[in-house]
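Okay, structure first, notes after.
The values are calculated or read from the model by the stated rules, or taken from the named source; none is laboratory data. Predicted, not measured: the structure shown is a model, and the values here were computed from it. Positions of Cβ are generated from backbone atoms using ideal geometry, with glycine treated the same way; all protein chains shown enter the neighbour counts. Note: areas computed on protein heavy atoms with side chains; ligands, DNA, RNA excluded. Shrake-Rupley method; radii C 1.70, N 1.55, O 1.52, S 1.80 Å.
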Amino acid sequence: MSSIFSYNKVDKKILYLLRSTIGDKNVSSDKEKLISYSHDEVPPSAYESEYRAEALVFPECSAHVSEIMKIASANRIPVTPRGAGTGLSGGALPAFGGIVMSFEKMNRIIELDEKNLTVTVEPGVVTSEISKLAARHDLLYAGDPCSGDASFIGGNIAENAGGNKVIKYGATGAQVLALEVVLADGTVIWFGGKRRKDVTGLDFTHLMAGSEGTLAIITKAVLKLLPLPRHSIDLLAAFQDAETAIAFVPQIIKKGGIIPASIEFMDKKALELVEKYLGNPVPASDAGAALIIQLEENDPDVLEKEYERIGTLSKENGASEVYVADTRSTKERIWQARKAIPEATSFFYNRYTKEDLAVPIDRVPELLENIKKVCLGRDLEWVAYGHAGDGNMHCTVIGPDTEDWHEVLLKVQEEIYSAVIDMGGTLSGEHGIGFKRKKFMKLFLSKDHLELIKRVKLAFDPDNILNPGKLVEWNE
Ligand SMILES: Cc1cc2nc3c(=O)[nH]c(=O)nc-3n(C[C@H](O)[C@H](O)[C@H](O)COP(=O)(O)OP(=O)(O)OC[C@H]3O[C@@H](n4cnc5c(N)ncnc54)[C@H](O)[C@@H]3O)c2cc1C
């Protein structure tokens, strides 16, 4: 890839500098390793070229990150921060080679502060470890992406990851109180603090959330904790079609008088696919669509009344069946089905594009109808599932395993995106732009908006060495 910015290669001198600064064991140029750290979960078939890191670094602390960035900026070497590599936008792809910085060794939970209800972590902590530790203290860490058993908190913050509980608690950014970051030139700086309010200066803490590693490197995070809800129940409501299921979503809140912790959607194909993949019966697998509605309360009597009310409402709003999961194993069965859909898709298909569209909730049926129209016109298959409570649908278009897939894909995307824009929707609700979606940014954002993003980027990183090739195009 070419760029209006010029970069240097990682040569022997750079490797020597890195090794002598952060230690031999924290630097690698092993060929096999370079390959495995040069992609995320976007299938390689999504790109027409291959991208490869020239060196890997495994910092153990913020001081290491700072030293690496000083070397990189003095020598104009691109640096791509990398969490667990579960990203779905090519964010951790080293688009210009250079250094990939993995945070797997910065995986300490530094402190859980029960008085201020915060937890302070390094970026390489696996998300679910934070939730587990909080739960042992009767507290809730509310960030909950479906990939939480693998993804790192640094990656979650950089992507402003959403997930299953956004409708009640907000996305990852809403859980962040403070961040220690390292700038492109190696400067270490704190944004925010252990405080719930702060209007002193610009809100750089939350600018970092969703900045995809392009503005600064997150080296510590102070996260908000909440009281742990003591009881929860999951309802799985089966509907004859997606339209009826989605039309029920606002009614759950309005007529049900509660905000559930989750409202997740699975279409017919998703239900069938996941049952085939898991090899076990999935409740409602013969339905036209299904919603998972998770309710949480501290008082079991209140919870019982709530689930009876939502169960009755579901039936009144077209549900043919409502399954109640109130034990660990029945809950796991439902959530395993929901969470296995992406894996099931990549297991059965080679060529597909996982979209992450978000539209106003009342336009979801129209979105699904558009996907259907675009796919049927070309003899393509599709799977739709996602966070119905947020209007965020992971519509996956499955292509034929043919040479012209990239051309077909481009046309399909352009048609779908044009419909999404007409519906007041957006390109990505939670997976981010990264490398995969940047060429479509100009469809969704005005020229002035894109210019402003570039100006902010250059204020943080004048030589564009931090995760270049992502988010916006610079005449590449
Ligand atoms: C099965 C599956 C389910 C998923 N479910 C969800 C879901 O429900 N909700 C959701 O939002 N996403 C989901 N994702 C996508 C993905 O898990 C999230 O985007 C996650 O936040 C990525 O974290 P990661 O640690 O793997 O980051 P990576 O993929 O390694 O990196 C992601 C981005 O973060 C940057 N980055 C990483 N660490 C840092 C750092 N310390 N400082 C600065 N930048 C950094 C990288 O440069 C890159 O741009 C899912 C993915 C899979 C495979």
Where Ala74 falls short, out of the listed (1) more than 10 Å from the ligand (Cβ to nearest atom); (2) in contact (Cβ under 8 Å) with a residue 24 or more places away in the chain:
(2)
Enumerated strands (runs of 3 or more DSSP E) restricted to segment 269-364, each holding at least 1 residues that are open to solvent by 50 Å² or more (accessible area, probe 1.4 Å) and more than 24 Å from Tyr169 (Cβ to Cβ):
319-325
Please indicate, with yes or no, whether at least one residue in segment 422-432 is over 16 Å from the mean Cα position of the chain (by Cα), at pLDDT 95 or above and open to solvent by 30 Å² or more (accessible area, probe 1.4 Å).
yes
Is segment 387-400 home to any residue that is of a type in the set (S, T, N, Q) and outside any helix (DSSP H, G or I)?
yes
Contact list please: Cβ distance under 6 Å, first residue in segment 143-156 and more than 20 Å from Val181 (Cα to Cα), second residue crowded, with 24+ Cβ neighbours inside 10 Å and hydrophobic (A, V, I, L, M, F, W, C), pairs at least six apart or on different chains.
Pro145/Ala161
Filter segment 356-390 down to the residues that are of a type in the set (Gly, Ala, Ser) and in contact (Cβ under 8 Å) with a residue 12 or more places away in the chain and list them by number.
Ala358, Ala384, Gly386, Ala388, Gly389
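Go through the residues of segment 151-167 one by one and say whether even a single one is closer than 19 Å to Ala92 by Cβ and at pLDDT below 95.
Checked segment 151-167: at least one residue is closer than 19 Å to Ala92 by Cβ and at pLDDT below 95.
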Here the qualifying pairs (Cβ atoms under 6 Å; residues six or more apart or on different chains; first in segment 41-57 and farther than 11 Å from Ser29 by Cα and at pLDDT 85 or above; second open to solvent by 30 Å² or more (accessible area, probe 1.4 Å) and in a loop (DSSP other than H, G, I, E, B)) come out as Glu41/Thr86; Glu41/Leu88; Val42/Lys436
Within the bounds of segment 179-202, is there any residue that is of a type in the set (Asp, Glu), crowded, with 19+ Cβ neighbours inside 10 Å and within 11 Å of the ligand (Cβ to nearest atom)?
yes
Can you confirm whether segment 66-89 contains a residue that is open to solvent by 10 Å² or more (accessible area, probe 1.4 Å), under 18 Å from Tyr16 (Cα atoms) and assigned to a loop (DSSP other than H, G, I, E, B)?
yes
Among the numbered criteria (1) within 11 Å of the ligand (Cβ to nearest atom); (2) open to solvent by 10 Å² or more (accessible area, probe 1.4 Å); (3) farther than 20 Å from His64 by Cα, which single criterion is violated by Lys115?
(1)
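Which is open to solvent by 20 Å² or more (accessible area, probe 1.4 Å), part of a loop (DSSP other than H, G, I, E, B) and under 29 Å from Ile361 (Cβ atoms), of Pro260, Pro229, Pro250?
Answer to the check: Pro229.
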Just to verify a result, which residue in segment 203-237, among those that are basic (Lys, Arg) and more than 10 Å from the ligand (Cβ to nearest atom), is nearest to Leu177 (Cα to Cα)?
Lys224
Yes/no for Ala237 being touching a Leu at 6+ places or on another chain (Cβ under 6 Å) and part of a strand (DSSP E or B):
yes
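Considering segment 77-99 alone, what residues qualify as being closer than 18 Å to Tyr47 by Cβ and more than 9 Å from the ligand (Cβ to nearest atom)?
Scanning segment 77-99 gives Pro78, Pro94, Ala95, Phe96, Gly97, Gly98.
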